[in-house]
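The values are calculated or read from the model by the stated rules, or taken from the named source; none is laboratory data. The model shown is predicted, which means the values in this text are computed figures rather than measured ones. Note that we place each Cβ from the backbone using ideal geometry, even for glycine, and neighbour counts take in every protein chain shown. What goes into the accessible areas is simple: the full protein's heavy atoms, side chains included, and nothing from ligands, DNA or RNA. Shrake-Rupley method; radii C 1.70, N 1.55, O 1.52, S 1.80 Å.
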Amino acid sequence: MFISGGAGGVGTLAIQLAAWLGAKVVTTASPRGEELVRCLGAETVIDYRTQKFKDRLSGYGGAFDLTGGQDLIDSFAILKRGAKTVSVAGIPDATTARVDLDAGPLVTAALTVASAKIRRAVRRKGVGYRYLFMHPSGADLEVLAELVDKGTLETVTDRVFLFEQIAEAFAYLEQGHAKGKVVVQM
C-alpha cells in the first residue's frame, strides 16, 4: 500500500491502520518526518523533496492519496492493473457526486468535466479511482477508540494552539509541514 504524505495528520493514522490490517506500507515524507513514519509502521520512506515515488515504485495493490495534484496522477503509474487509488485530496468524481453527495445532474456533470484528466489517466493505466467523502460513523469511531485505548493506534500531535491563537494555527497548517495533528484547545 502506498500512502502519500505519511507524516501529516491523516497519514500518521493511515499508516498505522494499513499496517494493522497487514499491508506493507510505503510512504513519502521529508527527512524530518522519516523517523516518525517508520515508527508508525512504514517499511519504506521516499524523500519527496529529492525523489519521485513514481520512478521508484511499481506493481502496488493500492494507493491512498493525501496530497492531490501531480501525486494523485503519479499514483496511478505505480499501481498494478485493476488496483485502485483512493484520494481525500483529489477532485471528486461523478460517482462521489451521485452516491456520497446525492448531487443532481448539474453538479455531477461539473465534476465529470473537472475530473477529466484523472479519468483519462485511470483509463490509460487500467486502474480505479475514488474520491473518499467522509461520513460520520459511530461504529467506525468505536473501532478507532478501541485501537487507541489498546495502544495499537497512536495519535500524533504536532502542536497545540489556544483558541485565541486560531489564526496562527491556520497559518501553521497552511505551511504544509505539520507532523501529525494540529490541535486548537478551547
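Take each of the peptides 170-181, 143-154, 23-34, 79-90, average the number of other beta-carbon atoms within 10 Å over its residues, and list them starting from the highest. Kindly include the intermediate steps, with their values, before the conclusion.
Working: 170-181: 14.4, 143-154: 12.3, 23-34: 20.2, 79-90: 18.1.
Ranked from most to least packed, the peptides come out as 23-34, 79-90, 170-181, 143-154.
Size descriptors for the stretch 1-41, from the alpha-carbon set: Rg then Dmax equal 8.8, 26 Å.
Which of the following values of Rg/Rh (Cα atoms, Kirkwood Rh) was calculated from the structure shown: (i) 1.38; (ii) 0.98; (iii) 0.93? Only one listed value fits the structure, namely (ii).
The lysines within cross-link reach of Lys117, meaning a Cα-to-Cα straight distance under 21 Å and a gap of 8 or more places when in the same chain, are Lys52, Lys54, Lys80, Lys84, Lys125.
Between Glu35 and Leu106, what's the calculated FRET efficiency when r is the beta-carbon distance and R0 is 45 Å? Round to 0.05. With a Förster radius of 45 Å, E is 0.40. Heavy-atom surface analysis with a 1.4 Å probe gives the stretch 97-142 a carbon and sulfur content of 63 percent of its accessible area.
Accessible area per residue was computed with a 1.4 Å probe on protein heavy atoms; Phe64 scores about 40 Å².
Ordering Leu141, Leu17, Leu162 by accessible surface, largest first, gives Leu141, Leu162, Leu17; the 1.4 Å probe counts only protein heavy atoms, with every chain in place.
In Å², and per residue, what accessible area does the stretch 1-41 have when probed at 1.4 Å with the other protein chains present?
Numbers: 1650 Å² over 41 residues.
It amounts to 40 Å² per residue over the stretch 1-41.
Given the Cα-Cα distance of Arg120 and His135 and 0.36 nm per residue of separation, how much length would full extension add, in nm? Intermediate results must be reported in sequence, preceding the final value.
Working: separation 15, 0.36 × 15 = 5.40 nm, distance 2.76 nm.
This chain segment gains 2.6 nm when fully extended.
The separation of the stretch 139-168 from the stretch 61-88, counted between C-alpha centres, amounts to 26 Å. What figure in square angstrom, to the nearest 10, would you give for the accessible area of Asp158 with a 1.4 Å probe? Estimated to the nearest 10 Å², Asp158 gives 40 Å². Length available on full extension from Tyr172 to Val160: 0.36 nm per residue minus the Cα-Cα distance, which gives 3.2 nm. Residue ranking by accessible heavy-atom surface, 1.4 Å probe, largest first, among Ile91, Ile118 comes out as Ile91, Ile118.
To the nearest 0.05, how large is the calculated FRET efficiency for Asp55 and Val143 if R₀ is 41 Å and r is the Cβ-Cβ distance? Result of the calculation: an efficiency of 0.70.
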